[in-house]
1. Looking at (1) free of Cβ contacts under 8 Å to residues at least 24 places away in the same chain; (2) assigned to a loop (DSSP other than H, G, I, E, B); (3) in contact with a Phe, Trp or Tyr (Cβ under 9 Å, 6 or more places away or on another chain), which is the only condition Ser371 fails?
2. Quick one: what pairs do we get from the range 343-356, first residue on the phi < 0 side of the Ramachandran plot, second assigned to a strand (DSSP E or B) and crowded, with 16+ Cβ neighbours inside 10 Å, C-beta under 6 Å, 6+ apart or different chains?
3. So which residues in the range 189-240 are of a type outside the set (A, V, I, L, M) and in contact with a Leu (Cβ under 6 Å, 6 or more places away or on another chain)?
4. Going through Arg84, Arg150, Arg106 one at a time, which residue ends up being assigned to a loop (DSSP other than H, G, I, E, B), basic (Lys, Arg), assigned by TED's automatic domain parsing to the domain that holds Asp235 and farther than 28 Å from Arg419 by Cβ?
5. Filter the range 151-164 for residues that are at pLDDT 95 or above and more than 18 Å from Pro202 (Cβ to Cβ) and give the result.
6. When you scan the range 155-169, how many residues do you find that are more than 20 Å from Val143 (Cα to Cα) and either in contact (Cβ under 8 Å) with a residue 40 or more places away in the chain or touching a His at 6+ places or on another chain (Cβ under 9 Å) (or both)?
7. Go through the range 129-147 residue by residue and tally those that are part of a loop (DSSP other than H, G, I, E, B) and either more than 34 Å from the chain's Cα centre (by Cα) or not assigned by TED's automatic domain parsing to the domain that holds Gln113 (or both).
8. Can you name the residue in the range 379-418 that is surrounded by 13 or more Cβ atoms within 10 Å (Cβ to Cβ) and acidic (Asp, Glu) and, of all such residues, is farthest from Pro303 (Cα to Cα)?
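The values are calculated or read from the model by the stated rules, or taken from the named source; none is laboratory data. Predicted model only: the values in this text are computed from it and were never measured. Here Cβ is always computed from backbone atoms with ideal geometry, including for glycine, and neighbour counts include all displayed protein chains.
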Amino acid sequence: MPTKPDTVAEPVSTEQVLISLRALEVHFALRGSSLARLLGLGSGVVKAVDGVDLDLHTGEVLGVVGESGSGKTTLGRALLGLVRATDGEIQYNGRNLVGLSDRSWRRLRREFQMVFQDPNAALNPSMNLEQAIGHPLTIHRMVKDDADLRAQVVEALERVGLSPVDQFLTKYPSDLSGGQKQRAVIARAIVLSPSLLVADEPISMLDMSVRAKILQLMLDLKNDLGLTYLYITHDLASAKFFCDRIAIMYLGRVVEIGSTAEIFADPRHPYTKALLEAIPEPDVSKTLPRNLLRGEIPDAADPPLGCSFHPRCPRAFEPCGWETRDLKTLLEARWTLMGEQEYERERSMIANLDDLDRAADAIVLKPTKSSTVEEVIELLTEIKTAGPDEPLWRGVRTIERQVDAVALRFREGEDPQLRRAGGVEVACHLYN
């Protein structure tokens, strides 16, 4: 993917804010079992977006980047009212959009539009392009007559490069290639002359040969029509080409935000560094160091204590929020490398291993009838000696011998907030 041309984008105004998000939250309730619902018992929530602050400036392209499950798509849908925000504010033209009725949101559809990830699902297979692109104009009563409708559809198709237009007006989605379908989706989005366009992974389902062309088309439309983009992607390479600023999301939170040049030149957050190191190198003759993240993205319904990234972070230390589940992960990683007999011996030392499944900053480990308190302490000491660089041990406050158990206490974790660090804002204790 080429780097972003210097002559493509206008300088972004940092003064005129189009949309401002403040402490935005989108939580989804878990249904739980039938018995729990019958008894009125709570079953928890998934914090898909958990307190996001963002300013989207007029005329800029803001990229939202993160792994699957980071909350980036939910953030974009909340911005358009496609999912209900649980709390916080979405300020637009001096008005808070959170809590608006469906009727009020419908009036805003002319100003906010979306390009979806899958063009095959975004287009109605029973509508030809003239009908599909003209449908929003009819719904919002923005045409005088049939001639005016066709003229606006023709203009939109020409803008997205589907020409000669006469050959495309009567075509159905099944007659188009993947790139042509996405151009048609973009035409439908711009036909209402919106001010904001949310692009959710707009090139991820396209062939590599057409991805750069679609991004260049969107940049041209931004300059020609004065559009503002929220670009949602997991691909930092395309974000480097397309975006003015980048916001890195992890488990519903923005962990780093800054200009594209600054993010790529000097990433601060360990998660951002890991994402950049995961970008493939086209030149097979080059071997680059790859410090890939360990583990998977945690469950948003039961996130880690303290910094949500700490279980996967190679630089985590005392205030990051170590807990009992981290010890369980460490034990399981050790046991997967053992033979069966050694595993069975160590596994049978601790009677209450299931207690490690709950989030807590302290645990009392009880020996089984076939083991002793001293053996449990020896096991913990052996694990620490075998991996002294394991970040978890930096968070252990005390290991105390009790009469019939071992008490393990972790340092209290803190949830890092966004703070200025050089030219970016980053939520990491390394920059407190």
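1. Ser371 satisfies all of (1) free of Cβ contacts under 8 Å to residues at least 24 places away in the same chain; (2) assigned to a loop (DSSP other than H, G, I, E, B); (3) in contact with a Phe, Trp or Tyr (Cβ under 9 Å, 6 or more places away or on another chain) except (3).
2. Ile350/Leu365
3. Thr228, Tyr229
4. Exactly one of Arg84, Arg150, Arg106 is assigned to a loop (DSSP other than H, G, I, E, B), basic (Lys, Arg), assigned by TED's automatic domain parsing to the domain that holds Asp235 and farther than 28 Å from Arg419 by Cβ, namely Arg84.
5. Listed by number, the residues that qualify are Ala151, Gln152, Val153, Val154, Glu155, Glu158.
6. 2
7. 5
8. Filtering the range 379-418 for residues that are surrounded by 13 or more Cβ atoms within 10 Å (Cβ to Cβ) and acidic (Asp, Glu), the one farthest from Pro303 (Cα to Cα) comes out as Glu390.
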